[in-house]
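Data block below; observations after.
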Protein chains: 2
Amino acid sequence: MGSIVDELEAILAPGQVDTGEVPLRRYAVDQAPVIDFQLPLAVVFPESVADVQSVVKACADSGVAIVPRGAGTGVSGGAHATANCIILSLERMDRILALSPDDETAVVEPGVVNAVLNEAAAEHGLMYAPDPASFRSSTIGGNVATNAGGLRCAKYGVTRDSVLALDVVLADGSLIHTGHQTFKGVAGYDLTGLFVGSEGTLGIVVGITVRLKYLPREVHTVAAFYPDFRLAAAGVLAVGRARVQPAIMELLDGGTLAQLDDIHGSDLTARGKSLLLVQTDGFGAAAEAEVVRRVLRDGGATVTTEASAEAERLVELRRHSRGTEVDDEYRVGEDVAVPRSRLVDYVAALEAMAAGQQVHLKVVAHAGDGNLHPTFWIDRQGPDVEPGAMDRLQVALDESITAALAMGGTITGEHGIGQYKLRWLGQEQPEAVRELQRRIKDLFDPAGVLNPGKAI
Amino acid sequence: MGSIVDELEAILAPGQVDTGEVPLRRYAVDQAPVIDFQLPLAVVFPESVADVQSVVKACADSGVAIVPRGAGTGVSGGAHATANCIILSLERMDRILALSPDDETAVVEPGVVNAVLNEAAAEHGLMYAPDPASFRSSTIGGNVATNAGGLRCAKYGVTRDSVLALDVVLADGSLIHTGHQTFKGVAGYDLTGLFVGSEGTLGIVVGITVRLKYLPREVHTVAAFYPDFRLAAAGVLAVGRARVQPAIMELLDGGTLAQLDDIHGSDLTARGKSLLLVQTDGFGAAAEAEVVRRVLRDGGATVTTEASAEAERLVELRRHSRGTEVDDEYRVGEDVAVPRSRLVDYVAALEAMAAGQQVHLKVVAHAGDGNLHPTFWIDRQGPDVEPGAMDRLQVALDESITAALAMGGTITGEHGIGQYKLRWLGQEQPEAVRELQRRIKDLFDPAGVLNPGKAI
Ligand SMILES: Cc1cc2nc3c(=O)[nH]c(=O)nc-3n(C[C@H](O)[C@H](O)[C@H](O)COP(=O)(O)OP(=O)(O)OC[C@H]3O[C@@H](n4cnc5c(N)ncnc54)[C@H](O)[C@@H]3O)c2cc1C
Ligand SMILES: Cc1cc2nc3c(=O)[nH]c(=O)nc-3n(C[C@H](O)[C@H](O)[C@H](O)COP(=O)(O)OP(=O)(O)OC[C@H]3O[C@@H](n4cnc5c(N)ncnc54)[C@H](O)[C@@H]3O)c2cc1C
């Protein structure tokens with residue numbers, strides 16, 4: 001028997017199996033901190049469902065692990081290579097197979113980029129609602145595998161809520177179809193939901209049927225600058241108390257504003273220490289924005305009175321607030337969520353942690369969902385850091401997790417457990433719940449070839 | 001060893017185990033046709049999570065089946081008694097344990113009636129969105145177990161979309177908590193989603209954390225009468241093409257209108273052969289209703305111009321359009337769903353089937369979801385039916401299922417498979433998918449004590 005690489009090369013066409021040093025390194029990691037760097041045996045580019053099935057069968061027979069990969073924009077290490085693995089890149093399976101404006105559904109291959117689907121849908125007055133800030137590059141397959149959230153999820157739901165049906169290649173190479181083409185369907189167990197968010201550990205998603213929503217014709221955007229971060233967090237609650245459901249409600253702290261100014265030459269820090277961006281949409285957008293403006297002003301904000309154009313530019317900036325930074329061991333982005341009533345407390349706790357551990361902090365939040373992305377980092381002088389800084393960074397990270405859980409929160413609102421957050425999963429889920437998941441994993445993948453060591 | 005009844009009486013307090021002939025008969029069935037009548041050994045009324053755990057343990061030890069039951073409004077026979085079973089009625093566990101207006105969440109026991117939760121939420125400007133037409137009597141536990149839909153689900157989602165976390169007693173009597181208190185959370189596999197819609201076959205739901213939505217302050221209702229059913233179905237598509245998302249879009253055919261007139265003394269049949277009821281809500285309700293009126297008028301409808309009051313009365317009538325009728329072998333209500341673009345074709349096909357088989361037909365539909373409830377029935381003269389009528393009824397039922405599937409539909413949009421629809425499940429799901437579900441069932445309930453012979 002030859003090596004798995006020989007075998008895959010025999011099964012697939014030329015150019016579908018790459019073992020070059022540069023691609024191996026590039027595809028070895030996603031955007032998360034790397035805690036156990038491994039080089040894959042090969043990067044494999046299936047172009048059809050049949051290709052995926054052949055590759056999975058070959059790997060299963062040889063006991064080689066399969067790490068599926070969309071665009072590699074994940075920030076939890078779900079697509080990091082593991083020992084003795086191939087990377088299965090779905091990027092070439094990027095066709096929109098069907099888009100039915102009357103059914104308000106689309107069927108796509110996993111490698112279709114979120115923004116590409118949205119462009120196609122927009123031609124029909126439709127949109128694919130889940131919009132991770134990575135929408136210009138991340139794939140629908142990756143979004144499904146992580147149950148991605150995004151900016152407009154408080155109103156329109158997360159990926160799970162837009163997925164109707166899936167085609168999945170199982171660990172033995174067989175293909176199943178789950179779910180329904182209709183908006184509703186309750187025949188049998190919700191296998192579709194089980195695959196969504198399973199981070200490639202239960203099967204390879206090779207086809208996705210999604211429900212599309214209506215592209216709002218009217219959008220109003222309100223930018224509210226605050227003298228401090230906690231007041232801004234309180235603004236989120238105030239909008240909720242007014243019982244107005246914005247499409248977008250993003251919270252940016254002073255650190256984030258400073259970074260945006262640095263990158264884009266804007267003057268945000270001059271205008272406030274924190275920014276709350278609220279977007280309303282639909283037929284009631286203007287009336288809703290009016291209520292939002294009033295409520296935020298009453299809460300101490302300086303609210304944009306100008307036309308929405310400038311505020312919309314700020315939403316664009318926010319979508320890129322992660323910049324091009326990649327997390328590493330010196331800089332870690334979190335993804336906790338807390339019940340909305342605890343937003344202010346949690347934000348206060350974060351500030352205290354950063355001060356206590358003398359680490360840098362910046363926070364952006366999908367605040368309508370109570371989903372916060374604090375990033376902690378430490379300074380580097382060349383390759384060095386201050387003695388003890390690494391430990392203090394870890395303490396701050398652990399504290400931010402513990403505090404979120406103590407407030408009834410979760411360690412991951414939308415990014416997934418991947419590899420990096422496994423260390424905290426036991427704090428959120430008791431052993432019985434984890435064991436149940438391990439048994440489900442065993443049922444789907446008894447040999448453990450699908451993305452081992454991730455998600456659960 | 002005594003009987004299970006003795007054992008349960010020893011474990012529970014007086015009055016919690018009922019073996020009277022009348023209650024046994026009453027709790028033996030839900031509202032679905034009965035194909036295999038069985039009398040339970042007892043009806044058991046737990047009053048706490050600990051009670052449920054004890055009962056499940058005792059039954060598991062004795063190999064006695066457990067049929068969980070909410071209000072028994074199910075129409076698929078999911079709560080029908082099976083051989084050698086007890087009925088576990090959750091109706092006494094009916095407390096709202098928490099309702100947080102700022103978090104916009106509530107925690108309830110399974111026996112809380114949908115309408116009761118909605119009344120409590122309304123005091124805070126909130127609502128529990130999924131509203132099956134049975135909302136005045138059905139329980140949140142039952143809604144969760146069936147993943148119930150309802151009238152306003154096209155806009156607000158089905159039960160699954162409002163459930164954040166569950167407390168579940170497993171087949172061995174152990175208790176687990178799944179999900180998260182936050183709006184978003186992706187730690188591990190979606191066990192919550194797996195339990196939702198599992199019809200009591202994977203575990204007993206003893207606690208539910210739900211997300212609440214904002215009670216719309218403004219609601220506009222449009223009633224559109226049509227000269228025929230197909231034109232009305234086309235109206236649903238026209239509203240969609242205008243990219244307006246109503247909260248409610250209910251379609252009633254002539255048979256349903258006649259029945260409503262019978263029961264309520266209304267004059268609906270005089271006004272049209274079919275009725276499309278559209279409700280818009282929220283800040284944009286008036287503007288949306290305006291578009292809806294125009295679009296429907298253009299499609300041949302006579303649209304109410306009067307104030308919404310009368311149209312709202314019609315929505316109330318619709319909510320009760322099932323009347324008090326209980327399905328039986330002579331009268332069977334279906335629950336298919338088709339992709340929206342096929343609504344008109346499907347409605348035409350239904351009319352042809354009824355004519356072909358000479359059976360009566362009436363149809364109501366949650367049309368925004370493409371979810372139709374055709375009811376087929378045959379006349380009875382006393383205890384007798386015309387020779388061959390029973391067969392023709394069965395043929396019409398089978399044809400309606402086959403046609404829905406052929407159009408890309410499902411055999412159950414919201415009522416569940418229960419017991420009655422098992423005969424069609426194999427037409428919708430191939431053996432590999434069914435086998436996967438059986439293995440999941442085995443994993444959760446190896447001895448098969450939880451609602452055997454249902455759902456999958
Ligand atoms: C700038 C930036 C902004 C971001 N903003 C958001 C945000 O707002 N919301 C949010 O939720 N996330 C966000 N993310 C995280 C990331 O973009 C999402 O997790 C996204 O869904 C990943 O998609 P991908 O195609 O890059 O998948 P990858 O990173 O390639 O993979 C992600 C996981 O899915 C698995 N996988 C990928 N494709 C498949 C498949 N076809 N079948 C089975 N498993 C598969 C992988 O093994 C891995 O475990 C952001 C990331 C960046 C870098
Ligand atoms: C007039 C009328 C209108 C209806 N309209 C709608 C509608 O619009 N949309 C819709 O979806 N349905 C509708 N239904 C069907 C029915 O009301 C729903 O299925 C409802 O969710 C059942 O709730 P229940 O409390 O009556 O549950 P039951 O009928 O008692 O039980 C339903 C199923 O859930 C299981 N179960 C119940 N409680 C639990 C628990 N705590 N843990 C585990 N399993 C449990 C049972 O074993 C059974 O399988 C309607 C029914 C009627 C009679």
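The values are calculated or read from the model by the stated rules, or taken from the named source; none is laboratory data. Note that the structure is predicted; figures quoted are calculated from it, not measured. Cβ coordinates were reconstructed from backbone atoms using ideal geometry, including for glycine residues, and neighbour counts include every protein chain displayed. Keep in mind that these areas ignore ligands, DNA and RNA; they rest on the heavy atoms of the full protein, side chains included. Shrake-Rupley method; radii C 1.70, N 1.55, O 1.52, S 1.80 Å.
When the residues of region A:88-116 are filtered to those that are more than 22 Å from the chain's Cα centre (by Cα) and among the acidic types (D, E), the one that is least open to solvent (accessible area, probe 1.4 Å) is A:E104. Do we find a residue being within 11 Å of ligand 2 (Cβ to nearest atom), over 28 Å from A:E104 (Cβ atoms) and at pLDDT 95 or above anywhere in region B:152-167? Within region B:152-167, one or more residues are within 11 Å of ligand 2 (Cβ to nearest atom), over 28 Å from A:E104 (Cβ atoms) and at pLDDT 95 or above. Taking the numbered list (1) modelled with pLDDT of 95 or more; (2) open to solvent by 30 Å² or more (accessible area, probe 1.4 Å) in turn, B:G2 passes all entries but (1). Among the residues of region B:53-74, count how many are open to solvent by less than 20 Å² (accessible area, probe 1.4 Å) and more than 12 Å from B:G200 (Cβ to Cβ). Adding up the residues that qualify gives 5.
Residues checked against (1) in contact (Cβ under 8 Å) with a residue 24 or more places away in the chain; (2) more than 24 Å from B:A83 (Cβ to Cβ); (3) out of contact with any strand residue (DSSP E or B) (no Cβ under 8 Å at 6 or more places or on another chain):
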{"site": "B:V385", "(1), (2), (3)": "yes, yes, yes"}
{"site": "B:A389", "(1), (2), (3)": "yes, yes, yes"}
{"site": "B:A396", "(1), (2), (3)": "yes, yes, no"}
{"site": "B:G416", "(1), (2), (3)": "yes, no, yes"}
{"site": "B:L422", "(1), (2), (3)": "yes, no, yes"}
{"site": "B:N451", "(1), (2), (3)": "yes, no, no"}
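Suppose we keep only residues that are more than 12 Å from ligand 1 (Cβ to nearest atom) and in contact with a Leu (Cβ under 9 Å, 6 or more places away or on another chain) within region A:87-99. Which one would you say is farthest from the other protein chains (Cβ to nearest Cβ)? Step by step, filter region A:87-99, then rank; the result is A:I96.
Restricting attention to region A:406-424 and to residues that are open to solvent by 10 Å² or more (accessible area, probe 1.4 Å) and within 13 Å of the chain's Cα centre (by Cα), the residue that is nearest to ligand 2 (Cβ to nearest atom) turns out to be A:E414.
Can you confirm whether region A:240-256 contains a residue that is among the hydroxyl-bearing types (S, T, Y) and closer than 30 Å to B:D281 by Cβ? Checking region A:240-256: not a single residue is among the hydroxyl-bearing types (S, T, Y) and closer than 30 Å to B:D281 by Cβ.
Does B:V144 meet the test of being hydrophobic (A, V, I, L, M, F, W, C), in contact with an Asp or Glu (Cβ under 9 Å, 6 or more places away or on another chain) and within 8 Å of ligand 2 (Cβ to nearest atom)? So B:V144 does not fit the description; no. Does B:A247 satisfy the criteria of being under 18 Å from B:A367 (Cα atoms), aliphatic (A, V, I, L, M) and within 14 Å of chain A (Cβ to nearest Cβ)? Yes: the conditions hold for B:A247. Against the criterion of being open to solvent by 40 Å² or more (accessible area, probe 1.4 Å) and away from every other protein chain (no Cβ under 14 Å), A:P374 does not qualify.
When the residues of region B:282-302 are filtered to those that are within 14 Å of another protein chain (Cβ to nearest Cβ) and open to solvent by less than 10 Å² (accessible area, probe 1.4 Å), the one that is nearest to B:E351 (Cα to Cα) is B:V292. Any residue at all in region B:382-405 that's surrounded by fewer than 20 Cβ atoms within 10 Å (Cβ to Cβ), within 11 Å of chain A (Cβ to nearest Cβ), within 28 Å of B:L237 (Cα to Cα) and modelled with pLDDT of 95 or more? Checked against the condition, which is being surrounded by fewer than 20 Cβ atoms within 10 Å (Cβ to Cβ), within 11 Å of chain A (Cβ to nearest Cβ), within 28 Å of B:L237 (Cα to Cα) and modelled with pLDDT of 95 or more, region B:382-405 yields at least one hit. So which residues in region A:117-162 are among the hydrophobic types (A, V, I, L, M, F, W, C), within 11 Å of ligand 1 (Cβ to nearest atom) and surrounded by fewer than 24 Cβ atoms within 10 Å (Cβ to Cβ)? Once the filter is applied, which keeps residues that are among the hydrophobic types (A, V, I, L, M, F, W, C), within 11 Å of ligand 1 (Cβ to nearest atom) and surrounded by fewer than 24 Cβ atoms within 10 Å (Cβ to Cβ), region A:117-162 yields A:A133, A:F135.
For region B:173-182, the criterion of a residue being open to solvent by 10 Å² or more (accessible area, probe 1.4 Å) and within 16 Å of ligand 1 (Cβ to nearest atom) is satisfied by at least one position.
For region A:30-49, residues that are surrounded by fewer than 16 Cβ atoms within 10 Å (Cβ to Cβ) and under 10 Å from A:S89 (Cα atoms) total 0. When you scan region B:134-144, do you find a residue that is more than 21 Å from B:G282 (Cβ to Cβ) and at the interface with chain A (Cβ under 9 Å from one of its Cβ atoms), even just one? No, that holds for no residue.
A residue that is within 21 Å of the chain's Cα centre (by Cα) and more than 7 Å from every other protein chain (Cβ to nearest Cβ) cannot be found anywhere in region A:170-189. Of the numbered criteria (1) open to solvent by 10 Å² or more (accessible area, probe 1.4 Å); (2) within 13 Å of another protein chain (Cβ to nearest Cβ), the one B:D228 fails is (2). With respect to the conditions (1) under 27 Å from B:S138 (Cβ atoms); (2) within 14 Å of another protein chain (Cβ to nearest Cβ), B:R241 falls short on a single one, namely (1).
For region B:291-303, the tally of residues that are in a helix (DSSP H, G or I) and within 31 Å of the chain's Cα centre (by Cα) stands at 5.
Listed here are the strands (runs of 3 or more DSSP E) enclosed by region B:83-196 that have at least 3 residues being hydroxyl-bearing (S, T, Y) and farther than 29 Å from A:G150 by Cα, and there are none. Applying the criterion of being more than 10 Å from every other protein chain (Cβ to nearest Cβ) and part of a loop (DSSP other than H, G, I, E, B) to the residues of region B:425-451, the residue that is surrounded by the most Cβ atoms within 10 Å (Cβ to Cβ) is B:N451. Is it the case that region B:303-315 has a residue that's β-branched (V, I, T), touching an Asp or Glu at 6+ places or on another chain (Cβ under 9 Å) and either on the phi > 0 side of the Ramachandran plot or buried (at least 21 other Cβ atoms within 10 Å of the Cβ) (or both)? Within region B:303-315 (the criterion being β-branched (V, I, T), touching an Asp or Glu at 6+ places or on another chain (Cβ under 9 Å) and either on the phi > 0 side of the Ramachandran plot or buried (at least 21 other Cβ atoms within 10 Å of the Cβ) (or both)), the answer is no, since none of the residues qualifies.
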